[in-house]
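Working notes, structure below.
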Amino acid sequence: MTNTDTAPATSPRLTKALRAAISAAQGRQAQEIVVLDLKKVGGFTDYFLICTGQNSKQIGAIADAIEAVVKEKTDDRPTIIEGRDRTEWVLLDYFTFVVHVFSREARAFYDLDRLWGNAKRHEFDS
């Protein structure tokens with residue numbers, strides 16, 4: 001069973017860096033923006049930010065915008081960046097949260113939403 005909560009991007013439960021990442025994704029018209037709160041389900045990070053881009057160019061633009069806005073607002077940089085060359089799935093690891101920018105096909109294949117279905121879920125407008 002999933003816990004769903006439609007929350008504004010300024011939710012006080014979310015860190016400043018995570019709110020900045022959500023805002024950047026929204027600014028690049030990412031779709032299906034979801035934050036999974038993994039703190040109570042034994043995750044290796046506190047949150048996943050999952051979103052979808054329509055094509056490889058948009059996926060790269062979303063990831064670039066998230067990286068730039070988070071750095072500008074908080075001076076945080078991802079410790080690991082994966083998938084930038086393939087742009088089917090770009091991963092930005094900020095230690096306390098991990099950003100996953102998927103193509104529609106990759107998101108359906110890996111289905112992190114289902115895999116971490118016991119995490120509290122927060123949905124955000126695109």
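Quick note: the coordinates plus some simple rules give every number you see, no bench work behind them. Quick caveat, the model's predicted, so the values are computed rather than measured. Cβ: placed from backbone, ideal geometry, glycine included. Neighbour counts: every protein chain shown.
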- Candidate values [x] 6.8; [y] 12.0; [z] 10.6, label of the one derived for mean projected area of the Cα convex hull in nm²: [x]
- Calculated from backbone phi, Karplus (6.51, -1.76, 1.60) coupling profile of segment 25-30 in Hz, x at Gly/Pro: 4, 4, x, 9, 6, 4
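If the chain between residue 110 and residue 45 were fully stretched, how many nm would it gain, using 0.36 nm times the residue separation less the Cα-Cα distance?
21.6 nm
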- Item | Spacing of the two label points (7 Å from each Cα toward its C-beta) at residue 55 and residue 118, in nm | 4.1
- Radius of gyration, Dmax [segment 76-126; alpha carbons; angstrom]: 11.9, 32
- Message: Just to check I understand the Karplus step: with θ = phi - 60° and J = 6.51 cos²θ - 1.76 cosθ + 1.60, what whole-Hz values come out for segment 83-100, glycine and proline as x?
- Response: x, 4, 6, 9, 6, 9, 7, 9, 10, 10, 9, 9, 6, 7, 8, 10, 9, 10
- Item | segment 31-124: relative contact order in percent, alpha carbon pairs under 8 Å with at least 6 residues between | 36
- Message: Going by amide H atoms built from the backbone, whose H comes under 5 Å of the H on residue 33, apart from near neighbours?
- Response: 124
- For 67, 88, 82, ascending order of other Cβ atoms within 10 Å (fewest first) is 82, 88, 67
